[in-house]
Amino acid sequence: MSQTGAAFEAVTCFGPEGRAPVLLLCEHASNHFPAAFGDLGIDEATRTSHVAWDPGALDLAQRLASDWGLPLVAGAVSRLVYDCNRPPEAADAIPARSELHAIPGNRDLSDADRAARVAAVYAPWVAAVEAAIDRAEPQAILTLHSFTPVYFGKPRSVQIGILYDRDTQLSDALLAQDWGRFVVRGNEPYGPEDGVTHTLRRHAVSRGLPNAMIEVRNDLLLDPVGRESVTRVLSRNIAHALDRFGIVLEGAA
């Protein structure tokens, strides 16, 4: 099947367009499957599950962006079409299998089909992030994600992960905060060896900007009470951690 798709929005930008102290990113914000690529041969249950996106991550990112008046760049296409947190050369940028799920529409793609996905999804994402950086001139970059509480049949005890690559300064400051009842760990449930720090490396580490990737277990984001609790502790601790770098967030407690 040819995959030179029709026009669709691959990325959505929220918030102010001027200068801002921090840029927020949410690569896996959507489970949208553009008609140009079809349903990839997977059923609706899979297309709406954590396999296709990070449930609750966009709502969390929007809450933080709104509270602080920060710009937010969010992916608008399912990561099964193309994972914007992977470079084009990565095999799992267009995964043929995700956890226990086969993705038939991603098998045996031609070089032209892969290039079409890169051009339609990844290239606009990169352009939008770089444009946001140019506009905002941020002093730090944070990416927001969620993860499933059970992976390959095994429960995960970690509730919030603070992920980092070579630059650990902001993640160290975050991990040093008081997280109360939450189980918080560094580079869990994923780490650089899993390829998950691509966005950090490309857009933050390369510019010398303090950065971190925040992963929240998605069962904590399912109801309003849980979302409020997570948002409150993240808001407080992110603000305190950034304060160590002289970065002040408007409206922070």
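Rule-based calculations on the coordinates, nothing more; no lab input. Worth saying up front: this structure is predicted, and the values here are computed from it rather than measured. Every residue, glycine as well, gets a Cβ built from its backbone with ideal geometry; the counts of neighbours run over all protein chains shown.
The distance linking region 147-188 with region 86-122 is 28 Å (Cα centroid to Cα centroid, whole angstrom). Computed from Cα positions, the angle between helix 224-243 and the longest principal axis of the chain comes to roughly 60 degrees.
As an exercise, use a Förster radius of 51 Å and the Cβ-Cβ distance of residue 244 and residue 101 to find the FRET efficiency, rounded to the nearest 0.05. Calculated value: 0.80. Binning the alpha carbon pair distances of region 91-157 at 5 angstrom intervals from zero yields the distribution 3, 12, 15, 15, 16, 14, 14, 9, 1, expressed in whole percent. For region 192-232, taking the reciprocal of the average inverse distance between every pair of different Cα atoms yields a Kirkwood hydrodynamic radius of 12.2 Å. Here each label is just a point 7 Å from Cα along the line to Cβ, and for residue 157 and residue 111 those points are 4.9 nm apart. Under a Gaussian network description of the chain, with springs only between Cα atoms under 10 Å, the residue in 49, 206, 229 that fluctuates furthest is 206. In the elastic network of the chain, a GNM with C-alpha springs shorter than 10 Å, the most mobile of 183, 81, 121 is 183. Take every Cα pair under 8 Å whose residues are at least 6 apart in sequence, average their separation, divide by the length of the chain, and the relative contact order is 24 percent.
Under the simplified labelling scheme, the residue 169-residue 127 pair shows an inter-label distance of 3.2 nm, with each label point 7 Å from Cα along Cα→Cβ. Fraction of C-alpha pairs exceeding 15 angstrom in region 113-212: 68 percent, rounded to a whole number. With respect to the chain, whose longest principal axis is taken over its alpha-carbon atoms, helix 57-68 is tilted by about 40°. If we count trypsin sites (Lys or Arg not before Pro) as exposed when they sit in a DSSP loop and have at most 14 other beta carbons within 10 Å, what is the longest stretch of the chain that avoids them all? My reading of the result: 20-106 is the longest stretch. Taking Cα atoms only, the orientation of helix 123-136 departs from the longest principal axis of the chain by about 20 degrees.
Here, region 1-91 yields an orientationally averaged convex hull projection of 7.0 nm² when only Cα atoms define the hull. By other beta-carbon atoms within 10 Å, ranking 179, 53, 125 with the fewest at the front produces 179, 125, 53. Mean projected area of the Cα convex hull of region 153-253, taken over all directions, amounts to 7.3 nm². The label-point distance for residue 185 and residue 35, in a model that sets each label 7 Å from Cα toward Cβ, rounds to 4.6 nm. Expressed per residue, the C-alpha convex hull volume of region 69-117 stands at 98 Å³. With the cut-off at 32 Å, report for region 11-243 the share of all Cα pairs above it, as a whole percent. Here the long-distance tail beyond 32 Å is 15 percent of all Cα pairs in region 11-243.
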